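Here the structure is laid out as structure tokens; the discussion comes afterwards.
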Amino acid sequence: MTTVPLAEEPRPARPFLTARWANVFLSTYSVPRELLVPLLPSGLDLDTRDGQAFASLVCFDFLDTRVLGIPWPGFRDFPEINLRFYVRRGSDRGVVFVREFVPQQLVAWAARTLYNERYLGAEMSSAVSEDARTLSIEHKIAFGGRSHTIRVVGDKPSHVPEPTSTEGFFKEHQWGFGATRRGQTLRYRVWHPVWPVYPVRQAEIDLDWARMYGSEWSVLQSARPVSTILAVGSEIAVYPQGTV
């Protein structure tokens, strides 16, 4: 869940969750509207660009995770891979998640049980290497009877893209949305400063979309992304806002 307000806005007090999200990679695809409409929570519309709807495969590392300021031993640092799409509620732009993977079964269970979030636990790993000119990341996940791998190389230095750019459209959102088991729409805010990005030199995605997300997502098996972004990441804070 990657969202952001204005860069100069200070972090509000008393967040539910804090962490650092590091090396955030987004691979974005144009997808048929009929694939996303059934997943829309009530009261939301698809957020489109040039008439197209989009979904993004996102991977990053959670670091120094704390709930209500308390670190949980063994649950502070871990990778996440998720698939999300873009929505609007009036002028509020946000994201909805199709599925989110983390390595800890307890974290996935708590997210499903307490917040009805679409989390699953799976065997996962992430690795980062860098030198003076490049940053390389690799994420692996074992799910559905096979291993899936995402490898990305970005060039240094990083830069801050214009808010109206393609990077800004897919990277900068202030709201996340979900649904309760009764069908009510949930809203939460995720604060972080605007993220610089590294120009992506190379991205390799070896992923079985049908196994990871369901047979309907096989339409992306041979699709080329319309955008690839490797963002630096930063401190984040999550603020649940209740139902809307």
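For region 82-124, which positions are at positive phi and either without any contact (Cβ under 8 Å) to a residue 12 or more places away in the chain or in contact with an Asp or Glu (Cβ under 8 Å, 6 or more places away or on another chain) (or both)?
Scanning region 82-124 gives a single hit, G90.
For region 149-166, check the following and say yes or no: at least one residue is charged (D, E, K, R), farther than 17 Å from F54 by Cα and surrounded by 16 or more Cβ atoms within 10 Å (Cβ to Cβ).
Yes.
Taking region 101-142 as the search range and keeping residues that are of a type in the set (V, I, T) and part of a helix (DSSP H, G or I), which one is surrounded by the fewest Cβ atoms within 10 Å (Cβ to Cβ)?
Top of the filtered list is T113.
So which residues in region 14-59 are aliphatic (A, V, I, L, M) and assigned to a strand (DSSP E or B), if there are any at all?
Scanning region 14-59 gives L17, A19, A22, V24, L26, V31, L46, A53, A55, L57, V58.
Of all strands (runs of 3 or more DSSP E) completely enclosed by region 167-244, which ones contain at least 2 residues that are farther than 30 Å from S91 by Cβ and either of a type in the set (S, T, Y) or in contact with a Lys or Arg (Cβ under 9 Å, 6 or more places away or on another chain) (or both)?
Filter on region 167-244 gives 200-206.
Looking at (1) hydrophobic (A, V, I, L, M, F, W, C); (2) within 20 Å of V128 (Cβ to Cβ); (3) surrounded by fewer than 16 Cβ atoms within 10 Å (Cβ to Cβ), which is the one condition that is false for F62?
(3)
The numbers here are math on the coordinates, done by the rules we state, and not lab data. Bear in mind the structure is a predicted one, so any value in this text is a computation, not a measurement. Reconstructed Cβ throughout: ideal geometry from the backbone, glycine too, with neighbour counts over all protein chains shown.
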